1. More than 30 Å from A215 (Cβ to Cβ) and assigned to a strand (DSSP E or B) - does that describe any residue in segment 178-192?
2. Report whether or not S80 is closer than 24 Å to G138 by Cβ and within 11 Å of the ligand (Cβ to nearest atom).
3. Provide a single number: the residues in segment 1-43 that are aromatic (F, W, Y) and more than 14 Å from the chain's Cα centre (by Cα).
4. What about G73, is it at pLDDT 95 or above, within 16 Å of the chain's Cα centre (by Cα) and either farther than 25 Å from A179 by Cα or within 16 Å of the ligand (Cβ to nearest atom) (or both)?
5. Out of L147, L107, report the one residue that is within 15 Å of the ligand (Cβ to nearest atom) and either surrounded by fewer than 20 Cβ atoms within 10 Å (Cβ to Cβ) or touching a residue at least 12 places away in the same chain (Cβ under 8 Å) (or both).
6. Under 7 Å between Cβ atoms, which residue pairs at least 6 apart in sequence (or on different chains) link something in segment 46-58 that is under 14 Å from H5 (Cα atoms) with a partner that is assigned to a helix (DSSP H, G or I)?
7. What tally of residues in segment 27-65 results from selecting those that are within 16 Å of the ligand (Cβ to nearest atom), over 21 Å from N169 (Cβ atoms) and of a type in the set (D, E, K, R)?
Amino acid sequence: MADIHSFESFAALDGEGIRYAVFFTGCPLRCVYCHNPDTWHKSGNDMTAEEVFNKVRRFKPYFRNGGGVTFSGGEPLLNSEFINGIYPMLKSENIGYCVDTSGSVALTDDVRQAVDNADMIILDIKFCDSEKYKKFTGGDIEKPLTLGKYCSGKGKRLVLRTVVVPGINDTEDEIEKYAKYVIENGLIFEKYELLAFHTMGFFKYENLGIENPLADTPALEPSRLDELQKHLDKTLKVIGG
Ligand code: SF4
């Protein structure tokens, strides 16, 4: 059983091809820029692996060109045992899955197995120094790094992501630190994408009656995101070879 927040069909962002996204509830972090605070706590929608599989299976015709399931959240790897339970069902239908994770979980046997069976891991590199990581997410920077190293060691397809937030990490200097951090730590990845902080989840804080720590922060302009992505790509080329 797992507590499921929601499903999203035809999700295109998190992985290749057309995705069917499964959002679990529960997250060990409290990122200041979270746009899904409604996934933090249980929704009461407990589902078995079979029930989730039956929903997924209906979308199989759309999973050509590398599409499949994306497990997201919340933190999907808190549900590694569930993912390992649904895996044989997905495999029997030739449906692969990606995991979109903050990496803020201990690398248990279940987590290893869920990672090993995934087509791809999308890993957040939220901050690249431990103080900022702690301050802005409440978590321990070593956990996602450990997961990233595990994926790299296994030759797992890995996509890195960082949310860029005005006033927190939206400078060229900051972006260079991220580039150095992932290269110096030996992460081997296919892509490193920057995502723009946006304000579309603000209403959720109001609805939930939770204080929004970035209520006064504007969305990052798309043009600024482009500039910083180019700077990241260039820096990675220079220092990564
Ligand atoms: S890891 Fe994701 S779901 Fe959890 S608090 Fe951070 S942004 Fe929100």
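1. Within segment 178-192, one or more residues are more than 30 Å from A215 (Cβ to Cβ) and assigned to a strand (DSSP E or B).
2. When the stated conditions are applied, S80 does not pass them.
3. The qualifying residues number 4.
4. The answer is no for G73.
5. Going through L147, L107 in turn, the sole match is L147.
6. V52/I86
7. 2
The values are calculated or read from the model by the stated rules, or taken from the named source; none is laboratory data. Note that the structure is a prediction, hence the values are computed from the model and not measured. When we count neighbours, we look across all protein chains shown, and the Cβ atoms used for this are built from the backbone with ideal geometry, even at glycine.
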